[in-house]
Amino acid sequence: MAVKDTDKLQSNNYSADSYKHWKQQIEAAESWRSAFVKRGDRIVDRYRDEDNEYGNSKYNILYSNTETLLPVVYSTPPKADVRAKDPSQISKRKGASIIEDALNYYIEASDFDDVARLAVMDFLLSGIGQIRPKYQTTNAVEEVEIDLETTESVEQVVFEEVQFEYTHWRDFIYPECKSWNEVPWIAFKTRMSYEEAAEMFGKEKADLLNYEPIKTEYGKAAKQERTAINKALVYEIWDKLNREQVFFAEGTNINAPLEINEDPLELEGFFPTPQPLFSITTSGNLLPVPFFKMYESQALELDAVNARIESLVENMKRRGFYDASIKELSSLNNLKDNEFMPVKDWTTFAAKGGMQGAVSFESLNEYIQAIQVLTDRKEAILQDIYQIIGISDIRRAQTDPRETLGAQKMKGRYGTIRISTYQRKVANFFRDVLRIAGEIMINQFDPETLAIVTNRPLDTQRDKQTEEITEVGVRDLLTDLKTKSPSDVLVDIESDSTIVEDSEEDILRAKEAIVALVEFTGASTGLIQSLGIPATSEILMGIIEKFKLGRDIQQEVEDHLANIKKNGLPDKKDPQEILAESELKQAEIKAKTEQMKAMIDAQIKKAELQVKQQLNIIKAAELGVKVDLEQQKIDLSVLDSIAKAQALKAEAANPKDNAIVGA
């Protein structure tokens, strides 16, 4: 039963009143969910095939459906997509990109995929799945210099991270409420050894706890094995009303909470976890109904039908009677293939009608007819279950070859519509998990940590000459994010990033997007004239969002449209004006080409004159005329100048190519 509002605490403290309050709250919540826990255990037992009500003849349709739904609703870890609420603010956009890179880093570096699969499995079986983004630090003792002669040992954080922790559905507790927004507190059941409790609460409090062997979570109570390590049950309570974290445990001499911490994470929504993955809920009741409950009666009938078929098949044996006076018939079953046995009194044997007259077999027709009826009923039950749970036969890779392609697509679309509800619910849950993780990073992380995991500079980089900012550092961006509201940064996940890819569908969607954009481009001028730039811009953004073209494309288009809204469309030039500008540009290119040719011709003439002078000096030397040693040396640089001049002349011979080079 629920605890009355008058029993709420004004504040938590280390008193008997606080202890009594939380003891009543925990007991009431455990009592409220006790039937739900028993039902969940029973469903898990069936999935694990530990419920042997029908022995080995049970048809485990729960296992089959769960294994079919699991890869459909979740296939791959999500990809974070973080954006600034106001994209015009560049600093927020850059800060959002850092949080996005950090989230994706921890998703890839951690065991997120395993944790996600466990949570989704709980969602499909018991009806509740939960993941907790947990802030973890690595500390080390370092010597800090107080003054020139004094040092002090200080424990400092050397690394920090966000771990995605799986929370078992039985260990997540909340009180009876009509909706999640009304939930005043949540609690995590934690089991601690004496060493763990002593490290967290101190030896004095650890000595007061009750340590018992812990039962395994799965399996019937009669089969549960006890572990060798005794542990104490501790409740980690998050009190939203007082924004405090309270550790509570029962013990012989305990009369106060073990520990109280004021708003450890400073989250906007306070709770360190999002609303759980609920299977089926109704207004006014937060306890979900497991999916299996919707077709449990059909599953039990399926077990009964399967058991009868197995019994009939077991009884379908070759049995009958034979004439005892013909002793050879008793050895008939021992004969091998194509082997015959002699009969001593053939005349008597033949007179009795031979085998037909001497042996009478039990008829199997009744068995065959009964099995056929039961098989048809079994198939009908399976179809009922698939209809209830929303698994169409196209999703189970079963089709009728006589069906048309249109019929198969319609069945597949129907199955997709039903299952897409589960897919959206799972995707939204992961989005909320990442939102809390991103908020933890903004509130708790040191800039050095984010700089390391995102491979960004810690401090803002500036040009050495102009002092202009070349790249904003993580320290400044994180400081800017801390001064804003968490809602200024929108954390989401990429569309369809958690479900299996469909290459054909992706290609078809890309083609449709291109066609839509081409048609919009052709009609944009008329739309602007009739609707205006703002409305036309919204139409374009609607097309981009519908076809999910990605954050980068959407951001580029938004920036371009914002510039158009601010400055208007660029002036459209008259075709005659464009032609005149083109002719003027061609004339300028031609003039530059002629000027270049004149310069090259002058260089060539100068080079030829220098060569002629060098040849005269050599000829004089051959005739015995004394010439200064320096004058006798042939200036090789002159020859090089000639070669370069000839190359320039050849290049200038083609004005068109020369114009392209100079463009």
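Scanning region 86-111 for residues that are surrounded by 20 or more Cβ atoms within 10 Å (Cβ to Cβ) and hydrophobic (A, V, I, L, M, F, W, C) gives 96, 98, 99, 102, 103, 107.
Yes or no, residue by residue, for (1) farther than 30 Å from residue 457 by Cα; (2) open to solvent by 80 Å² or more (accessible area, probe 1.4 Å); (3) at pLDDT 70 or above:
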site: 478; (1), (2), (3): no, no, yes
site: 481; (1), (2), (3): no, no, yes
site: 484; (1), (2), (3): no, no, no
site: 488; (1), (2), (3): no, no, no
site: 499; (1), (2), (3): yes, no, no
site: 510; (1), (2), (3): yes, no, yes
site: 524; (1), (2), (3): yes, no, yes
site: 529; (1), (2), (3): yes, yes, yes
site: 537; (1), (2), (3): yes, no, yes
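When residue 196 is tested against (1) outside any strand (DSSP E or B); (2) at pLDDT 95 or above, just one condition goes unmet, and that condition is (2). The lone criterion from (1) modelled with pLDDT of 95 or more; (2) in a strand (DSSP E or B); (3) touching a Lys or Arg at 6+ places or on another chain (Cβ under 6 Å) left unmet by residue 236 is number (3). Within region 265-306, being of a type in the set (Gly, Ala, Ser), open to solvent by 10 Å² or more (accessible area, probe 1.4 Å) and in a loop (DSSP other than H, G, I, E, B) holds for 269, 283, 284. Within region 140-157, identify whether any single residue is open to solvent by less than 60 Å² (accessible area, probe 1.4 Å), within 19 Å of residue 273 (Cα to Cα) and of a type outside the set (Lys, Arg), and answer yes or no. Taking every residue of region 140-157 in turn, none turns out to be open to solvent by less than 60 Å² (accessible area, probe 1.4 Å), within 19 Å of residue 273 (Cα to Cα) and of a type outside the set (Lys, Arg). Just for region 307-339: of the residues that are of a type in the set (Lys, Arg) and assigned to a helix (DSSP H, G or I), which one is farthest from residue 361 (Cα to Cα)? This residue is 308. Take the residues of region 356-388 that are free of Cβ contacts under 8 Å to residues at least 40 places away in the same chain and touching a strand residue (DSSP E or B) at 6+ places or on another chain (Cβ under 9 Å): which is surrounded by the fewest Cβ atoms within 10 Å (Cβ to Cβ)? Of everything passing the filter in region 356-388, 359 is surrounded by the fewest Cβ atoms within 10 Å (Cβ to Cβ). Scanning region 231-257 for residues that are without any contact (Cβ under 8 Å) to a residue 40 or more places away in the chain and either open to solvent by less than 40 Å² (accessible area, probe 1.4 Å) or over 24 Å from residue 180 (Cβ atoms) (or both) yields one hit, 245.
Does region 389-403 contain at least one residue that is assigned to a helix (DSSP H, G or I) and at pLDDT below 85? Can you show your working first?
Keep residues of region 389-403 that are assigned to a helix (DSSP H, G or I), which gives 389.
If we keep only those that are at pLDDT below 85 too, we end up with 389.
The answer is yes; a qualifying residue exists.
Screening residue 260 with (1) within 19 Å of residue 130 (Cβ to Cβ); (2) modelled with pLDDT of 90 or more gives one miss only, at (1). Hey, does region 181-188 have a residue that's open to solvent by 60 Å² or more (accessible area, probe 1.4 Å), of a type in the set (Phe, Trp, Tyr), in contact with a helix residue (DSSP H, G or I) (Cβ under 8 Å, 6 or more places away or on another chain) and not in a loop (DSSP other than H, G, I, E, B)? So far as region 181-188 goes, no, none of its residues is open to solvent by 60 Å² or more (accessible area, probe 1.4 Å), of a type in the set (Phe, Trp, Tyr), in contact with a helix residue (DSSP H, G or I) (Cβ under 8 Å, 6 or more places away or on another chain) and not in a loop (DSSP other than H, G, I, E, B).
Residues in region 102-139 that are of a type in the set (A, V, I, L, M, F, W, C) and more than 14 Å from the chain's Cα centre (by Cα): 102, 121, 123, 124, 125, 128.
The values are calculated or read from the model by the stated rules, or taken from the named source; none is laboratory data. Treat the numbers as computed from the prediction; the structure is a model and nothing was measured. Here Cβ is always computed from backbone atoms with ideal geometry, including for glycine, and neighbour counts include all displayed protein chains. SASA here: full protein model, heavy atoms, side chains in, ligands and nucleic acids out. Shrake-Rupley method; radii C 1.70, N 1.55, O 1.52, S 1.80 Å.
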